[in-house]
Structure formats: C-alpha cells, structure tokens
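Below is one structure, written out as structure tokens; the observations come after it.
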Amino acid sequence: MMTKSLKLIKWAGLLISALIVLAVSFYAYLVLSFDDQNLPENHGKVNTELFLGSGENQPLIVGLGGSEGGNAWASDFWKGQRDEFIAQGYSFLAVAYFGEKGTPENLDRIALESVHQAIREAGKNPKVNGECTALIGGSKGAELALLLGSQYADIDAVVAIVPGNAVFPALTIAMNTPSFTLNGKDLPFVPVPSSATWPLIKGDLRATWEEMLKDQKAVDRASIAVEKINGPILFVSATKDEAWPSTEMSISMEQRLRKNEFPYYFEHIAIEGRHTSPLDHFGEVEEFLRTNFLQGKSVGCLKSS
C-alpha cells in the first residue's frame, strides 16, 4: 500500500511539473510571436465625450480610466461623480484611449500627443476655460495623467489615484513594449524580469510589480518626471493594493518632488484598503481641486473665468 501511494505521489509530481513546463513554454511562445515592431492598429486614435454645465468659462477636468479600457468616465457608473463635478462649475472630458471602437485594442504604445490633442480640442469649446485643465486618472490612467502633466505645460493640476511612478509595460500577453509613446517613439519602460514570470502566470499582479521594481536602474530610466508638472498634484494610494504597490510608488514620487524642490503644492493620501478603496474618497479629491486648482495661487482658474 505504501509503495502504491508513493508511486501516485511521484506521478502527480511529474504531472504538475509537466504542466508547469507546458505553461511556461506556451507563455514564451506567445511572447516571442508578439509583434513588437509595428505600431498597433488605430495607434494615436482617441474617443472623447464632453459633459458641460450651464455656465461660461468652465474649468476642464479630464477623466482617464485605467486597465479596464473603454470610456469608463462616460459610463453610468461614474455619472454621479461626473454630475457632482458639473454642479461645482467644471466641464468634464471623458477620454477613451484604448479598448473602444476606433481606438487601439490594448493598452499598448498609446500616443501621449494624441491624448493631449484631444484635451486641447475640448478646451476650444466656447463654454470651456481651456486655460484651466486638471487631469484625474486611476491606476494606469494615473500613470498616463502624470506622464501628460510631465510633458505638457498646459496641464495645470493632476490627481493620481493608485498611481504608478514609472512607465510600465503594455498590457499585452507579451508585456514587451511600453504602455506609452511620445511623438512616435517608445518611452523607456520597466521590463518584466524572468523572476516575475510565475507570479504573472498565477495572476499575482502585486508580486509581479514588486519583482519589476527591484530593477532600480530600469526604474530610474523609466521614472515619470513628476517634478516637471506645472501645478499641484494629489496622490491617492491604497495601503493594501493588490494590483501594484501604489502607496510605495506614491511615496517615491513624493521624495522625488522634495528632492527637486517642487514649487507647487502636493499631497499624498494613503487610504487603508485595496486597489479600488480610494474611489470612495472623492470628497478629498473635490477639496483638493477646489483649494489648489480653482483657487490656488499657482493656477487661479477663477481669476480667468
């Protein structure tokens, strides 16, 4: 009986090992067969929806969704918060930069300049104060918001909810291209090391990102130059974030701002909870915008209204 049990254990171990080898081999095949040379279909295409109140010269808030794709901020889920912003005197631009008809299928090499151009076009609406623009992004959308703010001086404030501190890989099966490009060129990004393969296969995203962040040289090359943002910044992180270490990455960006003697107001609110927990704290976001975006000395949007 003991010998039979040992044989069963042995065969079970061999089967598990074979399955692991098969899974890793198949993943390697997908990575090697991925087209990382040609830009994705609909590269540079963006869809937007502009929501307006009844007033004139409405400061513009731009909503950037995350890895869910599509136009999250135009959905019924966000209608309540959109309406709240409109009631406070803002206009609101919801941006779909991938995962919607006519846009790239995946969050892969998204063109920063195209998103920026869509924001500028919204600013030309006669009811919108195009000289007063704040970005709100969540997760990968926060990565995008911080990048846009660091590249374009006409972005006046950034709210980064559960953000990343660097450019990370595209959300494709291969993850061997950057999430974002600038003027047709790939931005430096933090690569996925071999040590992250098994956490990635298991779907343990936080462990995957923790492995990626161990490569300090790569992180330094791909870090977002948040000190170049031309206005106040709010980081809202989650202390038990299961998707990626947003609190730790927010702290690193705070340190970068202090090191570079950032001249504008910045704040980091660490929410006790998981990746989506900060979405229950938009009161703090509204207060930040009211105090530092609308009335802040660095921007003074009300003065130009």
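Bear in mind these aren't lab numbers, they're just calculated from the coordinates by the rules spelled out. Since this is a predicted model, take the numbers as computed values, not measurements. Here the Cβ is made from the backbone with ideal geometry for all residues, glycine too, and neighbour counts use every protein chain on show.
Data for the structure
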{"read-out": "Linear extension gain, residue 125 paired with residue 258, 0.36 nm per residue minus alpha-carbon span", "value": "44.2 nm"}
{"read-out": "Rounded to 5, percent antiparallel among DSSP beta bridges of the range 179-305", "value": "25"}
{"read-out": "For residue 130, net neighbour charge (Lys/Arg +1, Asp/Glu -1) across residues whose Cβ lies under 10 Å away", "value": "-1"}
{"read-out": "Packing-based ranking, highest mean first, of 104-116, 191-203 given that Cβ atoms within 10 Å are counted", "value": "104-116, 191-203"}
{"read-out": "Which listed pairs, of 127/185; 101/202; 45/202; 101/124, have C-alpha distances above 27 Å, in listed order", "value": "127/185; 101/202; 45/202"}
{"read-out": "Local electrostatic count, residue 80, Cβ distance below 13 Å [Lys/Arg +1, Asp/Glu -1]", "value": "-3"}
{"read-out": "Distance between the range 136-152 and the range 60-124 - C-alpha centres, whole angstrom", "value": "12"}
{"read-out": "Relative packing of peptides 54-63, 178-187 - highest average C-beta neighbours within 10 Å first", "value": "54-63, 178-187"}
{"read-out": "Residue (of 139, 209, 294) at the positive-pole extreme of the chain, dipole from beta-carbon charges", "value": "209"}
{"read-out": "Estimated dipole of the chain in Debye, rounded to 20 [Cβ of Lys and Arg +1, of Asp and Glu -1, Cα centre]", "value": "720"}
{"read-out": "Proportion of all alpha-carbon pairs of the chain beyond 35 Å (%)", "value": "23"}
{"read-out": "Cβ-defined net charge surrounding residue 179, 11 Å radius [Lys, Arg +1; Asp, Glu -1]", "value": "-1"}
{"read-out": "By average C-beta atoms within 10 angstrom, highest first, the peptides 257-269, 38-50", "value": "38-50, 257-269"}
